[in-house]
1. Within segment 426-433, is even one residue among the polar types (S, T, N, Q) and within 15 Å of the ligand (Cβ to nearest atom)?
2. Checking D348 against (1) within 12 Å of the ligand (Cβ to nearest atom); (2) under 18 Å from G308 (Cα atoms); (3) free of Cβ contacts under 8 Å to residues at least 24 places away in the same chain, which test does it fail?
3. Check whether at least one residue in segment 98-111 is touching a Pro at 6+ places or on another chain (Cβ under 9 Å) and in contact (Cβ under 8 Å) with a residue 40 or more places away in the chain, and report yes or no.
4. Scan R379, R420, R463 and give me the residue that is within 26 Å of K320 (Cβ to Cβ), more than 60 Å from the chain's Cα centre (by Cα) and within 16 Å of the ligand (Cβ to nearest atom).
5. I'm trying to understand the selection: among the residues of segment 362-376, which are touching a helix residue (DSSP H, G or I) at 6+ places or on another chain (Cβ under 9 Å) and either of a type in the set (S, T, Y) or more than 16 Å from the ligand (Cβ to nearest atom) (or both)?
6. Looking for whichever is at pLDDT below 95, away from the ligand (no atom under 13 Å from the Cβ) and under 18 Å from G429 (Cβ atoms) here; the options are K399, K331. Which one fits?
7. Output the number of the condition that S76 fails; it satisfies all remaining conditions of (1) under 25 Å from V137 (Cβ atoms); (2) more than 60 Å from the chain's Cα centre (by Cα); (3) surrounded by 17 or more Cβ atoms within 10 Å (Cβ to Cβ).
8. Could you tell me whether any residue of segment 384-402 is more than 18 Å from L468 (Cβ to Cβ) and touching a residue at least 60 places away in the same chain (Cβ under 8 Å)?
Amino acid sequence: MLHSALSLSKNSLTTLCYDYAVWDDLVEYVHNPTDEFVQSNMPDNAFEAANIDAVLLTDLNNQLVWEYQHESLLNSRQSLINLITQGSTGLVNILPSSAEIALQKVSSRSGYLVLDGQLIYYSNTTILPSTATGEIVGSLTMIRLLDKALVNDISRYSLVSFSITPAFKTSNEIDDFFSLKLIDSISPSHSWLISNAFDNQAVQVTLKHKKTSLPQLDWIAVISLVLAAILIISLSMMMLSRWLISPLIRFNQSINDSSSDGLMSKITSHHLIDEIESMSYSFNQLLLKFNAQQNYLETLTVQDALTGITNRRGLETFAKDIMLRWHTEQKGFSTMMIDIDHFKAFNDQYGHLAGDNALVAVATSLAEQVAGYDALVARFGGEEFCIIFAESDSGTILKIAENICKAIEQLHIPNKVGNRHWVTVSIGGVVVNTLVADAAKYHFSDVLQQADEQLYLAKLAGRNTVKLQLFAPIKNH
Ligand SMILES: Nc1nc2c(ncn2[C@@H]2O[C@H](COP(=O)(O)OP(=O)(O)OP(=O)(O)O)[C@@H](O)[C@H]2O)c(=O)[nH]1
């Protein structure tokens, strides 16, 4: 950066000086100086804007034709004029030599000099017509002060501090500043020489690493940083746990809770994280469907698909409860086996589909007949039905059974067999009262067996009739 800054400072001055010097109007001005030309072509603010601190126009006799000094160089005005007009400092030729003038070609000189303790960069170019060949009329010198301000300005943007000091090029040990040689080893300071083009006068540029710019390992800061990082990570994890993991745990808990009792219940929603809320919603929707299907399946397992009344499995569950009440609470009950008469003949006459419809009609009628009682009607299988009553009054049961026979016949479902016209049923019933000894040793199958025996008797008795008995204790059971 320092290199670029100095190069920029140097090159821009040289270019500007050359542009002015090879200018026909300036040639004319040297011959015939007028204030008008200066006012319109060389105003002070133009040089100030270009950071030019002094301009000196000299003729071939080294006499000053025109001059400009910025206030920063006003105190050194006389030293500057002496330096330029004498043509040589003894060490440096600033103005063109007679040999150069003899060639009548544009020539220029530039370099660093020390003026009253201040470092300046100068650029001098012969003044001649714009063709760059012709009669030389003098030379133009432009000065830029490399004062502290410039050094400080550059230093502000640099990690290193540097100084520019006058020096003499006494050995080749120090590299030329503009050689762009890279630093191959780190040392506290590095120096380069900027040489004058004409002799061994030079300036030395020295870079020094600012102590403060070197990275210092501050252990307290490092430990604080590590502790802060640990704290931030811990807090982040706690937040993560709070916002993400705990809702997931709650979600999982909800699932576990909901399935622990075999019956799935809804998961509590209102989670803070959208995805979990949405998962919870979806899960609940799934549960609703699942529960609906489960209910449907449970219904199917106890419901007869054709008639819609309870099937044999449902009957057995009900029978278990009835038997338990009989065994433990001595509450009596009754059971009826009901079989459609000559149903084979019906199927043969009207077809199986009509048979199915007849079965539905009989089942519906049976359900209607027992609707006012604590009873369960079930399809036992085929064209056979079973009714269990939580009732053990023989008179009542007989009445109900007879009513059932009448009701079925009055359905007037045609079934012509012999002198019969309608579908009828035969009923075998058993009344199990509370007085049976050793009730606990009997099963529902024992009751059914006796009901079946009564049904058989009813069939023998000509059908469309009821046979009923009290439950008979079985010997050697
Ligand atoms: N349509 C239909 N018929 C059935 C169904 N289940 C059983 N059956 C019929 O019911 C008839 C029962 O005939 P059987 O056991 O010989 O007795 P039945 O003809 O009713 O004569 P009895 O019982 O002696 O009066 C058979 O023809 C079976 O095919 C069913 O779900 N639908």
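1. Yes, segment 426-433 contains at least one residue that is among the polar types (S, T, N, Q) and within 15 Å of the ligand (Cβ to nearest atom).
2. D348 satisfies all of (1) within 12 Å of the ligand (Cβ to nearest atom); (2) under 18 Å from G308 (Cα atoms); (3) free of Cβ contacts under 8 Å to residues at least 24 places away in the same chain except (2).
3. yes
4. The unique qualifying residue is R379.
5. Within segment 362-376, S365, E368, Q369, V370, Y373, A375, L376 meet the criteria.
6. K331
7. The failed condition is (1).
8. no
The values are calculated or read from the model by the stated rules, or taken from the named source; none is laboratory data. Quick caveat, the model's predicted, so the values are computed rather than measured. So basically every Cβ, Gly included, is an ideal-geometry build from the backbone, and we count neighbours across all protein chains shown.
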